[in-house]
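The values are calculated or read from the model by the stated rules, or taken from the named source; none is laboratory data. All figures in this text were calculated on a predicted structure; none of them were measured in a lab. Cβ placement follows ideal geometry from the backbone for every residue including glycine, while neighbour counts extend to all protein chains displayed.
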Amino acid sequence: MGAPLIAYGLLAVAITAETFATSCLNASQQLSRLWPTLGSIAGYCVSFTCLAQVLRYLPVGIAYAIWCALGIILVTLMGYLWFGQKMDIPALVGMGLIIAGVLVIQLFSRTAHHA
């Protein structure tokens, strides 16, 4: 039986908060700007608190794999939209391979579906 829906909801909150925190970290200019720095700290606190709860239901490797794949997509998107950062084809292919690995785990591995 798979993890309860609440685990995936908390994981989504954790990933969203981490994406926000990482974007704020970039905007903080090496922690030299107050509000982005505080946003980064708050985002990481929310993110890790939610991730800690997710680990009641999902193995750490699976939770972290999902976190990484979705985090890569979201942080790359935020970097492009907010900071004008562009990715070349090799970078996009590499990220795609990471995401493909997470999909293989989620769709085909019994490890991803434990109670």
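If I ask for residues that are assigned to a helix (DSSP H, G or I) and of a type in the set (A, V, I, L, M, F, W, C), which ones from region 1-19 would you list?
Residues satisfying the conditions are LEU5, ILE6, ALA7, LEU10, LEU11, ALA12, VAL13, ALA14, ILE15, ALA17.
If you check every pair at least six apart or on different chains, which have Cβ atoms under 8 Å apart with a residue in region 14-38 that is farther than 19 Å from GLN85 by Cα first and a residue that is of a type in the set (Phe, Trp, Tyr) and not in a loop (DSSP other than H, G, I, E, B) second?
If the second residue must be of a type in the set (Phe, Trp, Tyr) and not in a loop (DSSP other than H, G, I, E, B), the pairs left are ALA14/PHE48; ALA14/TRP67; ILE15/TRP67; ALA17/TYR44.
Would you be able to say whether some residue in region 49-67 is out of contact with any Gly (no Cβ under 7 Å at 6 or more places or on another chain) and over 24 Å from SER109 (Cβ atoms)?
Within region 49-67, one or more residues are out of contact with any Gly (no Cβ under 7 Å at 6 or more places or on another chain) and over 24 Å from SER109 (Cβ atoms).
Quick one: which residue in THR22, THR37, THR49 is in a helix (DSSP H, G or I), within 27 Å of ILE99 (Cα to Cα) and in contact with a Ser or Thr (Cβ under 8 Å, 6 or more places away or on another chain)?
THR22
Exactly one of (1) touching a helix residue (DSSP H, G or I) at 6+ places or on another chain (Cβ under 8 Å); (2) at negative phi is unmet by VAL60. Its number?
Of everything listed in (1) touching a helix residue (DSSP H, G or I) at 6+ places or on another chain (Cβ under 8 Å); (2) at negative phi, VAL60 misses just condition (1).
Need pairs with beta-carbon distance below 8 Å; first residue exposed (fewer than 11 other Cβ atoms within 10 Å of the Cβ) and within region 84-104, second of a type outside the set (Val, Ile, Thr) and modelled with pLDDT under 95; sequence gap 6+ or separate chains.
Between residues of region 84-104 that are exposed (fewer than 11 other Cβ atoms within 10 Å of the Cβ) and residues that are of a type outside the set (Val, Ile, Thr) and modelled with pLDDT under 95, the close pairs are LYS86/TYR80.
Condition (residue is among the aliphatic types (A, V, I, L, M), in contact with a helix residue (DSSP H, G or I) (Cβ under 8 Å, 6 or more places away or on another chain) and on the phi > 0 side of the Ramachandran plot) applied to region 24-35: is it met by at least one residue?
yes
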